[in-house]
Each structure stands twice: as C-alpha cells, then as structure tokens.
Amino acid sequence: ADVKKIAVIAGDGIGPEVVAEAEKVLKRTEELFGYQFETEHALFGGIAIDEKGTPLPEETLKVCQSADAVLLGAVGGPKWDNNSKELRPETGLLGIRKALGLFSNIRPAFIFDCLKEASTLKPEVLEGTDLIVVRELTGGIYFGEKFRRETANGQEAVDTCAYNVTEIERIARQAFEIAQTRRKKLASVDKANVLETSRLWRETVNRIAADYPDVELEHVLVDNCAMQLLRRPSSFDVIVTENMFGDILSDEAAMLTGSIGMLASASLGEGAFGLYEPVHGSAPDIAGQGISNPIATILSVALMFRLTFGYHEAADSIERAVKEVLDAGHRTGDIAVDKSTAIGTLAMGQLIVDAMRK
Ligand code: NAD
Ligand code: IPM
Ligand code: MN
C-alpha cells in the first residue's frame, strides 16, 4: 500500500494541544478513506533546546527529510526569549524552512459565513473575503547578515535585507500560477518607493507577468495594502510579498476570518513535499488551559492532503466538517461572541472528527 510518512513536530505552548487534534483527523481519514499514514514525532523548538541543547536537532531534520510531509504546531515562549540567537526556538523554525528549501508560504484567509460576527470588523465589509497570502519564506531581512558593532553613539544593531532575481522569480511564478486557478487577480506588495529590494522585486514581477497574461496584476505599497486589507478585503485574490511583509499582513488577514486560530498554512518548495502549520504561534498566554482553537492546525492537514498528497476528497471532508461544526454554533473562546458558551480544544477536535464523512 501507499503509506505516506508524516513527520509530526508538536513544539511548544499550545503546539502539542492543537497537533493532537490534527492527528485525530489523520486517524479518522485512514478509517474513512483507507489511506495509510505513518507518523513520526520529533523534538523541535524550546523543548528541543531543553532536551537536546539545540532548537533543531540533526535527528529532527533527518525525520523531516525522510518524510513526505511535515505537520508542525508552534514554537517559542517566554522561557527562551532571552536566549542567544542560536538557542532560540524561532531560529530553529527559520532553520528548518531554509534546510528544507521551503521558499513559498501559502496562507489562505477566507471567511466562514457564520463567523462574520466573530470578527472585529463589520460583517458587510467581510462579505466574500477569500484571499491567499503567498509569502516568500527563505529570504529577505530574516536571513540577511545580522550583527552588532560599537559606534560613538553606543552599540548599533544591523539586519540586512537582500533578495536576488532567482528568489523573486520563483515565488512570483508560484503566485501567478495560484492566481490562475482562482479569480486571476494578483496583488504584488512591496515598498518600491523606498527599498532597493522592493524595486528589484517589482521589476522582476513585471517581467514574469508577461508569461501570465490572463492574470490581472496590481502593485500595492505595503502600507497602503495594510489599510486596503481592512477597507476592501474581498477585492483581494492572491497577494504575493516578501518575507517580513507577508508575516505581518497574514496576521492582519487572520482577523478577517475571525481569529488567528483559524488560519492554516503550507510551506512549499519546488516539489510536492510541504510543511504544514497554523499561522499562529505557541500562545503562551493560554497554553496548558485546553482552550486553544485547533481549527488552524486541522485546516493545515486539509492543505497537506490537497497540496502534497492530492487527497482532495479527504481535504473536502475536513473542510466540510469544520464548516458544519461552526454552522451548528460550536465555538472555541477566540471565535465565540458569547464567551460563556465556548468549548475547549478537545471538544472542538472531537466534533470535527465526528463530523467527517466520506
Ligand atoms: P501567538 O500567535 O502565539 O498569539 C497571539 C494571540 O493570539 C494570543 O493572545 C494567543 O492566545 C492568541 N492565539 C493564537 N493562537 C490561538 C489559537 N489557536 N486559539 C486561540 N487563541 C490563539 O503570537 P505571539 O503571542 O506574538 O507569540 C507567542 C510565541 O509564539 C512567541 O515565542 C513567538 O515567537 C512564537 N510564534 C511561533 C510561530 C510558529 O511556530 N510558527 C508563529 C508565531 C509566533
Ligand atoms: C510565523 C512566525 C515566525 C515568522 C517566527 C516565529 C519566526 O511569526 O510563522 O509567522 O516570523 O516567520
Ligand atoms: Mn508570524
């Protein structure tokens, strides 16, 4: 049989809680559809620093490299916040993305109709919102040279931002190709009025655009985009942008869906292999209470089925189950209008598993 190997990295904070619910969805998919998954757990992030002395142990990277896909929870927390760069959970996250060649981070943000009231924005503004942020993931200021030096005005810290044409071309092509499967609109977001990397970005995107004449391209400056996302979210289809802008805009886009606890993501390279994780972090403020929303992680499994395995019916089944459970009025605290009716992580996970059908 075709057994798919999935590396499971729970991480820190609410990571293990939300990943446990996603694993139940994997199990239910096996029962319903007859697929076979072999999961292998690996240490990563803060817990790996504590147990192995490094956020990304060699062994963990090997487990990921020999898998067909990776399911990741979240990393980080106050315990490690004052550590040096090499001993930070976030450094492990950047390291794993780079080591696995995952240059493209796909973050879909769409509104379930019944959640319009959960958002902090007006329901009529959210109507029809269905966008994807395509975030460049292995370049830019995250990966440029960083250092400190002494100056006459005290210590100075430097982070450099660099992008080459190859990096911009490959992410632009992915974004155009995704737009071709959707409403054929691409917004390329940059700061070309100030940044040299953005000017190269814009030139390159314009050149690549000639290969995708059916896609309507607009260039939007990042500050304006941050504003337009709240003013006219439904007018966006695909947004392509560099690493840090994408990080910020996707958290903003999360609120269009009601909560960051709803936003799934896929990190891809050139092939079918992918790393799937919620957009949110380890949420130390609610970790260990059993109240986190597992939907972002569960929807990340649906993305894995679609983009890495081509298991579209199983992906449909998950997405339908999530919709059904939300339509029935079940809410975790982050998406509940009346917080007193909120259910916990386990209950939400179980409801979704029970609602899955072939
Ligand atoms: P966060 O996303 O962890 O939390 C932001 C807010 O959203 C918090 O109030 C949190 O309670 C809430 N929230 C997040 N996910 C939720 C969920 N599933 N259900 C309900 N509420 C949820 O961001 P932060 O607080 O800025 O960062 C906390 C830690 O997580 C930091 O160490 C950061 O570096 C790390 N982080 C990791 C990842 C990742 O692993 N991919 C992503 C973002 C942040
Ligand atoms: C994310 C996170 C990470 C990022 C951090 C934790 C390194 O915010 O996945 O969005 O900035 O990429
Ligand atoms: Mn982020």
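Just so it is clear, none of the values below were taken in a lab; they were calculated from the coordinates. Keep in mind it's a predicted model, so treat the numbers as computed, not measured. Reconstructed Cβ throughout: ideal geometry from the backbone, glycine too, with neighbour counts over all protein chains shown.
Working carefully through the options 266, 283, 287, 272, find the one that is closer than 21 Å to residue 246 by Cβ and not in a strand (DSSP E or B).
Only one candidate qualifies: 283.
If we keep just the residues of segment 116-158 that are within 25 Å of the chain's Cα centre (by Cα), farther than 24 Å from residue 93 by Cβ and of a type in the set (Gly, Ala, Ser), which is surrounded by the fewest Cβ atoms within 10 Å (Cβ to Cβ)?
The extreme case among them is 128.
Pick out, from segment 1-82, the strands (runs of 3 or more DSSP E) lying fully within it that include 3 or more residues that are away from ligand 2 (no atom under 14 Å from the Cβ) and farther than 22 Å from residue 348 by Cβ.
Counting at least 3 such residues, we get 3-11, 36-41.
With the checklist (1) outside any helix (DSSP H, G or I); (2) within 16 Å of ligand 1 (Cβ to nearest atom) in hand, flag the one item residue 217 doesn't pass.
In the conditions (1) outside any helix (DSSP H, G or I); (2) within 16 Å of ligand 1 (Cβ to nearest atom), residue 217 misses (2) alone.
Looking for something among the hydroxyl-bearing types (Ser, Thr, Tyr) and within 22 Å of the chain's Cα centre (by Cα) - is there at least one such residue anywhere in segment 68-86?
No - not one qualifying residue is present in segment 68-86.
In segment 159-169, is there at least one residue being assigned to a strand (DSSP E or B) and of a type in the set (D, E, K, R)?
Yes - at least one qualifying residue is present in segment 159-169.
Restricting the first residue to segment 287-316 and requiring it to be over 14 Å from residue 13 (Cβ atoms) and touching a residue at least 40 places away in the same chain (Cβ under 8 Å), which pairs with a second residue that is in a helix (DSSP H, G or I) and within 11 Å of ligand 1 (Cβ to nearest atom) meet a Cβ separation below 6 Å and a spacing of at least six or different chains?
Matching pairs, first to second residue: 295/262.
So residue 272 clears everything in (1) surrounded by fewer than 22 Cβ atoms within 10 Å (Cβ to Cβ); (2) farther than 29 Å from residue 308 by Cα; (3) of a type outside the set (Asp, Glu) except one condition, right? Which one?
With respect to (1) surrounded by fewer than 22 Cβ atoms within 10 Å (Cβ to Cβ); (2) farther than 29 Å from residue 308 by Cα; (3) of a type outside the set (Asp, Glu), residue 272 is out only on (2).
Going through segment 20-73 one residue at a time, which ones are among the aromatic types (Phe, Trp, Tyr) and within 17 Å of residue 318 (Cβ to Cβ)?
Correct list: 33, 35, 37.
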